[in-house]
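Here is the structure we will look at.
The values are calculated or read from the model by the stated rules, or taken from the named source; none is laboratory data. Note that the structure is predicted; figures quoted are calculated from it, not measured. Neighbour counts are summed over all protein chains in view; Cβ atoms, including those assigned to glycine, are modelled from backbone coordinates with ideal geometry. The accessibility values were calculated without ligands, DNA or RNA, using every heavy atom of the protein model including side chains. Shrake-Rupley method; radii C 1.70, N 1.55, O 1.52, S 1.80 Å.
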Amino acid sequence: MIASHNIPVFGLAFTVAYAAIYVVCTEVNLPLVSYHPVTAEIGWLWQPQRSGPVMYWYGWMLTSLIGALVVAFVAAAVPEPWLQRAIMFGGVAAVAYLLLYTAALFIYDNATVELEFLKSRSLSVAGALAVAVLVSCFVPSHWNKRVWAGWSWLVPAGSIAVLAYYLMPYFTR
Amino acid sequence: MIFWTTLLIIHGLMAIALLGAITHQAVALWWPLRVPAGSFVARVRAVPGTSYVGAIIVLYVVTFILGAWIYTQYRFTARLALEQLRFFKTVGAFELKEHIATMGLILLPAYWAFWRRPLSADYALARKQVTLFLAIIVWSNFLIGHIVNNARGLGS
């Protein structure tokens with residue numbers, strides 16, 4: 001059971017975790033199930049298309065649901081400052097990753113020499129984590145006393161922006 | 001085909017009801033009335049936002065489930081036709097719609113928690129922000145759904 005005063009924290013953590021995990025699931029393609037609409041068959045995890053298209057959306061939602069529920073229960077049990085620090089760290093790391101990876105790809109595309117290492121995601125991930133650690137060190141302590149409720153709309157809004165970016169090829173063909 | 005068309009009409013009607021409810025609540029929250037209501041607009045602004053919460057959550061969930069159900073049919077009928085017609089922007093808009101709808105659905109636990117009675121002053125600003133964001137989501141999806149339906153929907 002969740003204490004009454006922890007319900008907003010649980011709801012907020014669920015929304016934030018779900019939005020973040022969902023973006024990862026769509027990008028890496030991690031469906032819990034795959035659905036074949038023509039034959040109305042459901043299969044576990046990722047499956048290739050058979051007779052007709054395959055749908056992963058339901059699977060991404062289920063994967064994210066499990067992850068978000070686990071995170072939300074843990075979040076409701078830990079002190080609020082810890083949760084605030086974790087979300088802040090994750091948010092800064094995500095933004096830093098997007099900026100660093102975009103910059104790396106831009107440099108790779110425009111460089112006159114072959115800089116293959118810039119295409120590696122792990123390099124940008126390492127850089128983003130370093131930025132998040134640095135920012136976390138300089139965040140005023142009063143910012144971390146309570147969870148900022150605004151994360152509940154800011155993280156999903158950011159997720160929509162990232163997902164829209166992934167869909168750009170549809171609009172530029 | 002009659003079954004799916006009926007389902008699509010019900011989905012659309014539920015979406016209209018949801019659109020009205022969330023718009024009403026967002027207007028009353030962001031532009032509250034300080035004096036007794038007289039005109040139509042003033043009455044829209046004067047509604048108590050808390051009374052809409054349950055209806056909005058139920059309408060959103062039901063509209064979402066209907067949409068997710070219709071999506072199975074759309075995927076191998078309307079979408080294939082849209083791709084053959086090279087309506088890629090319409091297909092992309094619908095892909096975005098499914099993601100936006102998911103984000104709206106997962107916003108509901110936080111939305112409900114912030115609107116729980118007695119209303120907490122701690123979450124007054126979050127309540128306004130989340131309600132506005134949910135309204136933007138509902139409007140976006142309504143308009144995208146409308147566009148897709150115009151391209152390859154009822155009667156096509």
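Points to keep in mind about this one:
- Neighbours of residue B:29, meaning other residues whose beta-carbon lies under 9 angstrom from its beta-carbon, give a summed charge of +2 when Lys and Arg score +1 and Asp and Glu score -1.
- Rounded to 0.05, the FRET efficiency of the residue B:42 and residue B:88 pair, given R0 = 45 Å and the Cβ-Cβ distance, is 0.50.
- Local electrostatic count, residue B:49, Cβ distance below 12 Å [Lys/Arg +1, Asp/Glu -1]: +4
- In this structure chain A gives 56 Å² per residue of accessible area when probed at 1.4 Å with all protein chains present.
- Cα gyration tensor shape for region A:23-173, rounded if a/c is under 1.5, else prolate or oblate: oblate
- Cα gyration tensor shape for region A:63-107, rounded if a/c is under 1.5, else prolate or oblate: oblate
- DSSP H segments from chain A that extend 18 Å or more along their own axis, Cα-based, with Kyte-Doolittle mean of 1.0 or above: A:7-28, A:57-77, A:121-138, A:151-166
- Here is how the number arises for the protein assembly as shown: DSSP H runs of 4 or more residues each give -39500 (n - 2.57), the sum is divided by the residue count, and the result at 222 nm is -24500 deg cm²/dmol.
- Rough spin-label spacing in nm, given labels placed 7 Å along Cα→Cβ, for residue B:124 and residue A:106: 4.2
- Length gained when the stretch residue A:41-residue A:171 is fully extended (0.36 nm per residue, less Cα-Cα span): 43.7 nm
- Cα centroid separation, region B:36-59 to region B:98-151 (Å): 16
- Within the full protein context, the accessible area of residue B:24 is estimated at about 50 Å² for a probe radius of 1.4 Å.
- Accessible surface comparison of B:140, A:124, A:141, probe 1.4 Å, protein chains only, largest first: the order is A:141, B:140, A:124.
- Kyte-Doolittle mean at least 1.0, axial Cα span of 20 Å or more - DSSP H helices of chain B: B:2-30, B:53-76
- The separation of region A:81-128 from region B:1-34, counted between C-alpha centres, amounts to 40 Å.
- Prolate/oblate/rounded label for the protein assembly as shown (Cα gyration tensor, a/c 1.5): oblate
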